[in-house]
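Okay, structure first, notes after.
Bear in mind these aren't lab numbers, they're just calculated from the coordinates by the rules spelled out. Note that this is a predicted model, so its numbers are computed, not measured. Here the Cβ is made from the backbone with ideal geometry for all residues, glycine too, and neighbour counts use every protein chain on show.
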Amino acid sequence: MLEIKNLHVSIEENKIIKGLDLSINKGEVHALMGPNGSGKSTLSYVLSGKDKYEINDGTIDYNGKNLLELDVDERANEGLFLAFQYPMEIPGVQTSFFLKTAINSKRKYLGQSEMDALEFAKLMKSKAEELNISTEMLKRDLNVNYSGGEKKKQEILQMSMLSPKMAILDETDSGLDIDALRIVSEGVNKLRNSENSFLVITHYQRLLNYIKPDFVHIIADGKIVKSGDYSLALELEEKGYEEISQTA
Amino acid sequence: MELVLNLDKIQSKSVSQYAKDILDNQNPYKNFKIENYKYAQLHKDVKSEILLRDIDFSKLLDNTKNITSSISNPFDLTANLNLWNYNNEDSFFRVSSLVKRETKSVNLDTFNDRNLFLDISQINENIHISKSSTNEINLIILNSKLNDEYPKSIFLDLSNNSKLNVVHFNVSNNKSFLYFETNLQDNSYFNFISFQSDNIHTRNEFYASLNQECNFDLYGLNINNYGVNDNYSFIQHLKPSSSSREVFKSIVEKGAITNFQGKIYVDSIAQKTDGYQMSRSLLLDDISKANNKPELEIYADDVKCSHGSTVSKLDDEQIYYFKSRGIDSEIAKKILKKAFIVEIIESIKDDMLKNYSNELIESLLS
């Protein structure tokens, strides 16, 4: 699915990612954990294709394609999805209209006809219900005056409607209360299947109680310093980043 | 420069003769230090090679009563002159429309229809529009395909308790200067929306005098224009407890210049006035210009007045967010432009007019 080799990234001369390797196969869930400033969010932005980041070295292969050559919207339409840590507020654009435009953009890219309005309404309603999102909220402007938890739910709603092949969740657990965390995690777990993959970026082991990863990686200073299974997350919770990074 | 109109003199001469005397004294086209005309570039011959689009209004005509040919009665403005604040330095521009044109009138109470259509580009005279009934009427004012050097005045007189909604389509004009002079009597309600698109050189001035407990909403939308497009407003709260709300939005591109200058004036006896003014411009490139100048002049001490003004560009972070969901940047930009102005379209009360305007704006947004 995703093969990152020797990735070096800088922003305005500051080196952020310094030789990162990561390989994610179909059907796998990987967790990426690390302290503040270790390069977690930078990696998620680079994967989604945000500009301002300079790729100094390395390759990213995505399903046989050179990911770095694709524009942001092409990556999305090829099935890559980034659930943002801080979703943008878009005043004047109704949430449901945004969802419809996104779905139809993907369908157009794939050479399919636009989704029928009724079919869309049904899909949105069922997915929103799963995430405990009210229909009233779908009529509001996208993310405007949403609470932190509502914004994160909205990201997961977009994800479940676009059913990506490779989803990256950037600190989706931050700002969520226990109930919202459970609902969001259930939403993610429902999407999991043998054909798609997840990269879950988080500070805390708590999220991984709900979304059980196959692999856990620890990132420090722009590199993956340790990889393991779920037990690594537990060990990390106990010892903290500093000790784990040193013993790596 | 001081210009004081003497009403006695007006009474003894024809209105247009008096106006002509003033204009002969001080030719406004030679003096561009006047604050209110600083950016309007009226002395310049603004031209564009662009072939202006024909915008089809037939669908709107099908749903409204066309009253254009009903404008026939000559109207004597002399008695109205003391209603207007003509004694400031920029008055001669307004007065100048009285030199070149006669004034004709229409009383909206004579029609039974709810939606009226008036094509002022078909009429050479100034137009005096009055309304005294309390039923709510939608008046569409079209001004299109004009290439007119001289200002034209549209006088709107609303009697006590009357209600009027105007939707003004100012589109595809080479040159057009319009003066809307509104007088709102006690408890009247006036909602004015001006859509301005595909113009090369236009100026619209909105004057409103508010008496007791009336309400005036003025919305403006300025998109896809070329050359210089100028809006000026002067809203006077003359009696207590009136409210005014003014919102102008402009999307400026292709080297166009858009100007907005608006003043809210509150007389010393106009306590409990509630005034709001906002002008926002979205600049799409670095060769276009937006000038915003909000002004407040308040002499009462128990009022609520606020104003704001912004100039911004499309937000790269928002475009990135759209793209991250598979929406290409061209579509994202169009949606964001629409989002910037949707508030103006939403302010239309009548559903038919709102839907029509929405479709029209959608098609005009490039």
**Fill in**
Under the rule rounded for a/c under 1.5, else prolate if a/b exceeds b/c, else oblate, using alpha carbon gyration tensor axes a ≥ b ≥ c, the stretch A:2-247 is classed as prolate
**Assigned charges on the beta-carbon of Lys, Arg, Asp, Glu; the stretch A:2-247 dipole about Cα centre (debye)** = 560 debye
**Request:** Show the residues, 5+ positions off or on another chain, whose built amide H is closer than 5 Å to the amide H of A:Gly175.
**Result:** none
**Request:** Sketch the reach of a paramagnetic label on A:Lys18 as a point 7 Å from Cα along Cα-to-Cβ, and name the residues of the stretch A:180-223 whose backbone nitrogen lies under 17 Å away.
**Result:** A:218-223
**Item:** Euclidean distance of C-alpha centroids, the stretch B:199-236 and the stretch B:92-124, integer Å
**Value:** 17 Å
**Complete:** Amide H contacts under 5 Å for A:Gln85, restricted to residues at least 5 apart in sequence or on another chain and with H modeled in the peptide plane, are A:Asp170
**Request:** With a Förster radius of 30 Å, plug the Cβ-Cβ distance of B:Ser347 and B:Asp113 into 1/(1 + (r/R0)^6) and report the FRET value to the nearest 0.05.
**Result:** 0.85
**Request:** Convert each backbone phi in the stretch B:116-126 into a coupling constant with the Karplus relation 6.51 cos²θ - 1.76 cosθ + 1.60 (shift: θ = phi - 60°), then list the ³J(HN,Hα) values in order as whole Hz, x for Gly and Pro.
**Result:** 10, 10, 10, 9, 6, 6, 8, 10, 7, 7, 5
**Prompt:** Simple spin-label model, 7 Å along Cα-to-Cβ: B:Tyr276 to B:Ser72 in nm?
**Reply:** 4.4 nm
**B:Asn355/A:Leu118 FRET efficiency (R0 30 Å; Cβ-Cβ; nearest 0.05)** = 0.90
**Request:** For the stretch A:19-70 and the stretch A:216-235, write down the distance between their C-alpha centroids in whole Å.
**Result:** 16 Å
**Fill in**
Once amide hydrogens are built 1.01 Å from N within the peptide plane, the residues lying 5 or more places from B:Tyr219 or on another chain with amide H under 5 Å from its amide H are B:Phe192, B:Ile193, B:Ser194, B:Val247
**Message:** Could you check the spin-label model distance between B:Glu102 and B:Ser133? Points 7 Å from the Cα along Cα→Cβ, value in nm.
**Reply:** 2.8 nm
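With r defined as the distance between the Cβ atoms of A:Ser227 and A:Val144 and R0 fixed at 35 Å, what FRET efficiency is calculated, to the nearest 0.05?
Working: r = 40 Å, r/R0 = 1.14.
The computed FRET efficiency comes out at 0.30.
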**Prompt:** What is the stretch A:1-44 by shape, rounded, prolate or oblate, if you read a ≥ b ≥ c off the alpha carbon gyration tensor as root eigenvalues and call it rounded for a/c under 1.5, prolate for a/b larger than b/c, and oblate otherwise?
**Reply:** oblate
